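Below is one structure; the comments refer to it alone.
Nothing in this text is a laboratory measurement; each read-out follows from the coordinates by a stated rule. Note that the coordinates shown come from a computational prediction; the quantities given were computed from them, not determined experimentally. Reconstructed Cβ throughout: ideal geometry from the backbone, glycine too, with neighbour counts over all protein chains shown.
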Amino acid sequence: MISVNRIAFGMAACALSASPALADTEWEYTGERGADRWGQLSVDFELCERGIMQTPIDLGQANATGDVAFDINWSAGPLTILNNGHTVQANFAEGSSMTSGGKTFNLIQVHFHTPSEHTINGEHYPLVGHFVHVSEAGELAVVGVMYEVGAAHSEMQKLVDAAPSEKRNAMAVDGVTFDPNLLLPDDMAIYRYQGSLTTPPCSEGVNWHVVAAPVEVSQAQIDAMEGIMGMNARPVQLLNGRLLVAPE
Ligand SMILES: [Zn+2]
């Protein structure tokens with residue numbers, strides 16, 4: 001998911017004042033307020049049901065291959081972490097960015113889902129990180145990184161140790177430096193397509209980049225994140241004829 005009130009900067013105030021329901025409408029992943037009903041919970045969530053460029057999707061149905069021009073320039077900084085009731089999220093200070101399609105996007109946060117939201121030939125990974133970026137113009141770009149069971153990961157452990165078990169506002173973690181680069185694989189070949197936020201209001205126009213190669217973290221680290229967040233993956237959506245570029 002992408003927290004829209006964190007992302008939209010100047011736009012957020014207008015959107016929220018014009019549509020109080022956007023801020024007030026509670027949603028969940030399952031049950032009466034579950035993902036298959038988001039579009040009916042609020043008029044502001046209509047795209048969750050009616051949108052035709054939605055995320056996540058199954059990446060196994062790629063209809064093109066290519067090496068997408070894509071560059072990451074992230075730096076380490078103090079760890080700031082929160083739990084918004086749907087996900088565990090670390091926020092970044094200014095100074096980290098990515099370029100894609102000739103545009104620059106600034107890294108603002110990473111948050112996690114258990115299991116992964118995107119699938120590959122129907123298979124989920126047990127954990128995914130969504131690194132959310134926004135351009136000066138307010139356009140969003142996300143880098144998704146899959147995590148698989150393997151060796152414990154020291155940078156992931158910093159998040160596990162600091163993750164609030166209950167809903168809680170952002171807090172700085174004293175004396176901990178967090179380097180998002182360490183949560184990336186060596187092979188940065190990506191899937192690329194145009195999609196949406198994966199949480200209400202499911203806004204479209206999001207530039208998705210999902211890294212094909214997974215990174216190992218331990219089962220205990222996955223269990224810890226899953227224990228805090230629960231199942232927080234939106235079901236896969238239809239591709240609807242969009243261009244989906246797989247790595248060569
Ligand atoms: Zn997400």
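List of remarks:
- Extension gain from ALA213 to ASN63, taking 0.36 nm per residue of separation minus the Cα-Cα distance: 52.1 nm
- Taking 0.36 nm per residue of sequence separation and removing the Cα-Cα distance, the ASP24/ASP174 pair yields an extension gain of 50.8 nm.
- Shown here are the Rg and Dmax of the Cα trace of region 109-218, at 14.5, 42 Å.
- Radius of gyration and maximum dimension Dmax of region 22-138, Cα, Å: 16.5, 42
- The tail of the calculated P(r) for the chain beyond 24 Å holds 43 percent of all Cα-Cα pairs.
- The distance from the alpha carbon centre of region 191-206 to that of region 108-183 is 17 Å, rounded to a whole number.
- Helical runs (DSSP H, four residues minimum) scored at -39500 (n - 2.57) apiece and divided by the length of the chain put the mean residue ellipticity at 222 nm at -4500 deg cm²/dmol.
- Whole-Hz ³J(HN,Hα) from phi, Karplus 6.51 cos²θ - 1.76 cosθ + 1.60, for region 218-229, glycine and proline x: 7, 4, 5, 5, 4, 4, 5, 5, 5, x, 7, 8
- Order of ILE120, ILE81 under a 10 Å beta carbon neighbour criterion, fewest first: ILE120, ILE81
- Taking every DSSP bridge with both residues inside the chain, close to 80 percent are antiparallel.
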